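Below is one structure, written out as C-alpha cells; the observations come after it.
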Amino acid sequence: MAISSVDFPHLIGSSYCYPSYPIDCQEAINFEFIPIKSSGSPYKNMMIGTPGLIHLKFELDGELLEEIPCLAKDGRIRGLFKCSTGFAGESSPATIVVCGESVYEIKNPNKGIYPLKRINGSISSLSGFVSISECGNESGTDFPPTLVIADGVNLYVVNMDTYEMKSLGTNMPLQPKFVTFLDERIYANGNSIADNTLGKPDDHVYWCAANNPNEWNPLDYVAAATTLDPLKRVISVGGNLWMIGTETTEIWRTSSSSGSFDVPIQKIHGKSDGIGAINGECVASIRDKVFFVGGGSVGYAQAFMGSGTEIKSISTDAMNIEWSKYENIKDAVSFCYSDEGREYWVVTFRTQDVTWVYDITADSWHKRSSRSIGDVWHAWNVMFCVRSFDMNIVGELNGKRLFKMAYNIYDEDGLPIVRMRRSPHLLKCGKLVRHASLTIDLECGQNALEYGQGKDPQIMLRAFDGGGRIPREERWKSSGKLGYYKRRVKWMRLGSTRDRVYEVRVSDPVKWVFLGARVEIEDSVGGV
C-alpha cells in the first residue's frame, strides 16, 4: 500500500476537552494558540509557550527583601494598582501594593532593587482581596489626589500629598467591598450596615462628593432594583457604570446633571440583562470590555464578556460542561492584562485548583499551571497585574512575592514550566491505518541555550488510541542544539490505529514555537 502524507495543522490549537473523549479531548496547558495574519506565511497558526516569571527584590529601611513585608502571619498580596499620578506632586505614576495590613508605594528600581515606601496607617482586616481606585484633582488643592481602598468592612482614604491613610469608619453608609471611579466620583457597593445580620450584600450603589472621597452622604445612592438579586460588583467600563448582580446586570451612565444635582448617573434605558456574576472577585475589565463568570436563573458556570451595552457568552460547550462539574465555582477570581499587543482574561477556580486564560485577541482558551506532578495539574499561582517600570508586574496568588512576567523568561522563578498540548482526533473514515511517521514543524536551533538544561531541548511525544484513552509509550526527540536550524523533528513507526490522538510535552527553559505537523499514513492490509 502507498504511504500518503497528510497535513496535521490541528496539532496547533486550544483547549476543548469534551466529557466524551471520542468527541474531542484537546488540551493546551502553558501553550497558547496564536493566528498568523501574514498572507505570505506558509503557516496559518502557531503555538507558543506562555510567559515565565522571576520574582522582584525590594528594599525597606535598608533591608533587602525577597517579598513584600507585613505583620500578618498568613499575610499575602491583596491588591496591585497603577495610579495615574504620583505621590507628593511627582510626575511619574505611582504603583501601589497591599500585603496583609500594609500598603506600600513601589519606587523606581536602583540596580534591580525596588525601594518600598510605607503608607502611614494600616488596614484592620487581614484577609481577602481589596479593591483600589483613585480620585481627587490636583496636588496642593482642596481636593488632592487620593487613593481609596475597600476591604469589605471599611473604606481607607490615602492622601497622596502626605502619604497618610485613614479609615472613614462609621462615616461610610455601607461596608464597601468594591470601588470604582467615574467622572469625578468614587462609586462603591458592598454590605448593608442597616441589616442586622451584617455581611448581607446590598443592592445599592453609593457615591462620594465630587473629587472628595472623604465625604459620603447616606442618601446619595441608587438601587439596582430591576430584580431583588444581590449586587455583586459595580465597575466602570468604557465610560459606563456596570452594576452586576447574581442574575441581572444593569448599565448606567453619567447623567447631564453630573456634578451639580443629586443623582449623577442614570440608567441606560432597556439595559437589564438576565445574566449575573457568581461573585465580585471574578469580574475584571480591560479597556472597554468587562468579563465575569456567571449565568442567571437558568444556571451558572459560563464565561461572559460585556462590551458597549451588550453581553455575550465566550465559553465553549465543553468548558460549560466542565465548569458545571467543579466542586465550587463561587471562589473564582480573575484579572485582565495586555502583553505584546494581545489582551488576556485570567480566571482561577481556587477550590478546583485550575486556571483558564482567554486570549481576547485570538478568541481562544488555554490553561496555565504553576506546577504539575504526572498528569495532575495545579492552578497558576498568579493574581493581579499592572504595567509599571516598562514591564508587567504580577502578584502571587497565595503568597507575598511580586514577579516580572515576560515571554523572554522561560521558567517560573527558577522552576521548570511543563507545557502540554493534546491534539484533536486523527482518523481516516474509521479505517485501520498505520502511522509511519509524525513530523512536527517548529523553530529549531535558534532558541536552545549554550549550556545547562535547555542546551539540547527535548520533546516528549505520546500517542493515545481507543478514542484518546489508551496511552502508548513515551517517545523523546531533540528539537536541536543551538545553530541546528535544519533539524527535523520526526518520529517513525508509530503503530496502527483507527483513531489516534497525539500529545506533546516540553519543560526545557527555552522559547517554544510550534507551527504545524504532518503524518505519513498507510492503509493496513485487510484493515476495515
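The values are calculated or read from the model by the stated rules, or taken from the named source; none is laboratory data. Please read all numbers here as calculations on a predicted model, not as lab measurements. Glycine gets a Cβ as well: all are built from the backbone with ideal geometry, and neighbour counts include every protein chain shown. Accessible surface areas use protein heavy atoms only, side chains included; no ligands, DNA or RNA. Shrake-Rupley method; radii C 1.70, N 1.55, O 1.52, S 1.80 Å.
What to note about this one:
- Alpha-carbon Rg with Dmax, taken over the stretch 292-404, Å: 14.7, 45
- Fully extending the segment from Asp61 to Ile36 would add 4.1 nm, taking 0.36 nm per residue of separation and subtracting the current Cα-Cα distance.
- Listed residues Ile244, Ile193, Gly296: farthest to the positive end of the dipole of the chain (Cβ charges): Gly296
- Straight-line cross-link partners of Lys73 among the aspartates and glutamates, defined as a Cα under 12 Å from its Cα and at least 8 positions apart when in the same chain: Glu101.
- Whole-number accessible area per residue in Å² for the chain, which is evaluated in the context of all protein chains at 1.4 Å: 43 Å²
- Taking trypsin sites (Lys or Arg not before Pro) in DSSP loop states with no more than 14 other Cβ atoms inside 10 Å as exposed sites, the chain has its longest site-free stretch at 112-286.
- In this structure, Cys429 and Met460 have a Cβ-Cβ separation that, at R0 = 25 Å, corresponds to a calculated FRET efficiency of about 0.25.
- Sequence-distant aspartates and glutamates (8 or more away, or on other chains) whose Cα lies within less than 16 Å of Lys267: Asp183, Asp203, Asp220, Glu250, Glu310
- Projecting the Cα positions of Phe58, Thr95, Ile34 onto the charge dipole of the stretch 1-141 (unit charges on Cβ atoms of Lys, Arg, Asp and Glu, taken about the Cα centre) puts Ile34 furthest along the positive direction.
- The distance between label points at Gln266 and Asp7 comes to 5.6 nm (points 7 Å beyond Cα on the Cα→Cβ vector).
- About the Cα centre, charge dipole magnitude for the chain (Lys/Arg +1, Asp/Glu -1 at Cβ), debye: 2260 debye
- Counted charge near Arg493, where neighbours are those whose Cβ lies closer than 12 Å (Asp, Glu -1; Lys, Arg +1): +1
- Around the Cα centre of the stretch 243-344, unit charges on the Cβ atoms of Lys, Arg, Asp and Glu (plus for the first two, minus for the last two) sum to a dipole of about 280 debye.
- For the listed residue pairs Lys82/Lys367; Lys166/Lys330; Lys82/Lys330; Lys82/Lys289; Lys428/Lys511; Lys107/Lys404, the alpha carbons are over 24 angstrom apart in Lys82/Lys367; Lys166/Lys330; Lys82/Lys330; Lys428/Lys511.
- Read-out P(r) over Cα pairs in 10 Å bins from 0, in percent, derived from the coordinates shown; its label in (i) 4, 16, 22, 23, 19, 11, 4, 1, 0; (ii) 4, 17, 25, 23, 16, 9, 5, 1, 0; (iii) 4, 19, 31, 27, 14, 4, 0: (ii)
- Simple point charges give the picture: +1 on the Cβ of Lys and Arg, -1 on the Cβ of Asp and Glu, and for the stretch 383-458 a dipole about the Cα centre of about 560 debye.
- Modelled spin-label separation between Ala223 and Ile470, with each label point placed 7 Å from Cα along the Cα-to-Cβ direction: 6.4 nm.
- Taking every alpha-carbon pair under 8 Å whose residues sit at least 6 apart, the chain reaches a relative contact order of 16 percent.
- Placing unit charges on each Cβ (+1 for Lys and Arg, -1 for Asp and Glu) gives the chain a dipole about its Cα centre, and among Ser307, Asn214, Leu71 the Cα reaching farthest toward its positive end belongs to Ser307.
- From helices alone, the chain scores -500 deg cm²/dmol at 222 nm; the rule is -39500 (n - 2.57) for each run of n ≥ 4 DSSP H residues, then divide by the residue total.
- Label separation (Asp317 vs Ser20): 1.0 nm, computed from points 7 Å beyond Cα along the C-beta direction.
- Relative contact order computed over the stretch 1-138 (Cα-Cα under 8 Å; 6+ residues apart), in percent: 15 percent
- For the chain, the share of accessible area belonging to carbon and sulfur comes to 49 percent (1.4 Å probe, ligands and nucleic acids excluded).
- Net lengthening on full extension, Glu310/Ala209 (0.36 nm per residue, minus Cα-Cα): 33.4 nm
- Rounded to the nearest 10 Å², the accessible area of Leu219 at probe 1.4 Å: 140 Å²
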